[in-house]
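Peer 1: Quick one: the structure is below, and I'll ask about it shortly.
The values are calculated or read from the model by the stated rules, or taken from the named source; none is laboratory data. Values in this document were obtained by computation on a predicted structure and should not be read as measured data. Cβ placement follows ideal geometry from the backbone for every residue including glycine, while neighbour counts extend to all protein chains displayed.
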Amino acid sequence: MAKKGQTFHTYSFETKKKAVAMRLAGKTKKEVASALQISDIGRLKVWMRKFREHGEEGLIDRRRKLLESTDHNRLTEEG
């Protein structure tokens with residue numbers, strides 16, 4: 001659960017792809033996080049799991065599209 005005042009970082013598809021490639025090349029999580037300025041090393045584990053399960057498609061952030069379509073639907077209904 002998020003704490004009050006906590007901020008979340010979002011990372012681009014390219015950053016995720018680069019991080020996965022670096023991990024597959026043998027870099028440690030700490031090295032990858034430092035090189036790409038990723039604040040939460042645990043994200044790398046999640047990205048690796050998603051990559052193993054779904055390939056590059058697994059690295060695409062689907063939440064943004066869901067939020068945009070919800071906003072569009074709301075505006076259409078109000079308009």
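Peer 1: Before we move on, is residue 52 modelled with pLDDT of 95 or more and more than 21 Å from residue 7 (Cβ to Cβ)?
Peer 2: Details: modelled with pLDDT of 95 or more: yes; more than 21 Å from residue 7 (Cβ to Cβ): yes.
Criteria met by residue 52.
Peer 1: Name the single residue that is nearest to the chain's Cα centre (by Cα) among those in region 47-64 being under 14 Å from residue 29 (Cα atoms) and surrounded by 13 or more Cβ atoms within 10 Å (Cβ to Cβ).
Peer 2: The extreme case among them is 47.
Peer 1: A further question follows. How about region 16-43: which of its residues are under 13 Å from the mean Cα position of the chain (by Cα) and closer than 19 Å to residue 54 by Cα?
Peer 2: Once the filter is applied, which keeps residues that are under 13 Å from the mean Cα position of the chain (by Cα) and closer than 19 Å to residue 54 by Cα, region 16-43 yields 16, 17, 18, 19, 20, 42, 43.
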